[in-house]
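Inspection log for the structure reproduced underneath, given as structure tokens.
Where a number appears in this text, it was derived from the coordinates with a stated rule and is not lab data. These numbers were taken from a predicted model, which means no experiment stands behind them. For neighbour counting, all protein chains shown are included, and Cβ atoms are generated from backbone atoms with ideal geometry for every residue, glycine included.
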Amino acid sequence: MNKFSPEQAKSIIDEARARVADRDVTPREAENVRISEGSTPACGSSLSVETLTETRNQRDARKLTERDAQWEIERMREQLKQQRIERERAEIVASAANAQRIADLEAEVLELAKACNAAIDALEIELSRVTGENLDLKARFAELQCRIADANAGKPIDLPNILPSRRMQ
């Protein structure tokens, strides 16, 4: 709610402009004039007008400082953005390196599995060969037992070589 009527506000503003005009203030400095409404007088006579003590150079320096601060904020935002991008790139590189390590390990496991399968196949072949020889030896042993039994019955014994000849393979 406004404490002054439109007529009172107009007279207060006119009074402030007159005071500014009396001080030979340039139009740019007149922009810096503030009307303070700290008190509520019945008439506008006791209203104070305070001129900002900021000169054009000070204002320009302040604006430059504000602009520099804004640029610094933008620079910091850009740095944070670059750091985030670098962190994402590092994560991508690390992920790719991990994927490559996993692929290498899988290839090694596959090679080991192939080597184990080859060894198992060789062992199965050797086992079947040894099993065949074992059966042959058992058959010869049974034949010898029969001959020994016949020899005990009074027949002469013809003993064959029971060990197979081994060749270098």
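Quick look at the numbers
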{"read-out": "Whole-Hz ³J(HN,Hα) from phi, Karplus 6.51 cos²θ - 1.76 cosθ + 1.60, for the range 77-92, glycine and proline x", "value": "4, 5, 4, 4, 5, 5, 4, 5, 5, 5, 5, 5, 5, 4, 5, 5"}
{"read-out": "Segments 4-17, 74-87 sorted - mean Cβ within 10 Å per residue, highest first", "value": "4-17, 74-87"}
